[in-house]
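**Q** The structure's right below; bear with me while I get my questions together.
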Amino acid sequence: MKIIVLIFIVLILASLGSALYFMVKDKGGASTRTARALTWRVVFSLTLFMLLMLAYHFGFISGKL
């Protein structure tokens, strides 16, 4: 489970970095590439959240420290 979470965190950071790159390369203008990269970041974040909630529900992870 830890590896899956780390993979999603890397994907989230990569899409955020690519959005920054596209924004700088396109001179700050609103571009579809920046919006698409940010959309992927939201999709990855929501998927990670849902996976964590499902893992908690099925007992793969516990709420105890």
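**Q** Residue under question is residue 59, and the condition is that it be exposed (fewer than 13 other Cβ atoms within 10 Å of the Cβ) and on the phi > 0 side of the Ramachandran plot; does it hold?
**A** The answer is yes for residue 59.
**Q** Oh, and also: Looking at residue 15, is it more than 17 Å from the chain's Cα centre (by Cα) and without any contact (Cβ under 8 Å) to a residue 40 or more places away in the chain? Break it down into steps so the answer makes sense when it comes.
**A** Numbers: more than 17 Å from the chain's Cα centre (by Cα): no; without any contact (Cβ under 8 Å) to a residue 40 or more places away in the chain: yes.
Answer is no for this residue.
**Q** If you go through segment 1-33, how many residues are surrounded by 12 or more Cβ atoms within 10 Å (Cβ to Cβ), among the hydroxyl-bearing types (Ser, Thr, Tyr) and at pLDDT below 90?
**A** Residues in segment 1-33 being surrounded by 12 or more Cβ atoms within 10 Å (Cβ to Cβ), among the hydroxyl-bearing types (Ser, Thr, Tyr) and at pLDDT below 90: 1 in total.
The values are calculated or read from the model by the stated rules, or taken from the named source; none is laboratory data. Remember, it's a predicted structure, so these values are computed and weren't measured experimentally. As a convention, Cβ positions derive from the backbone with ideal geometry for all residues, glycine included, and neighbour counts pool all protein chains shown.
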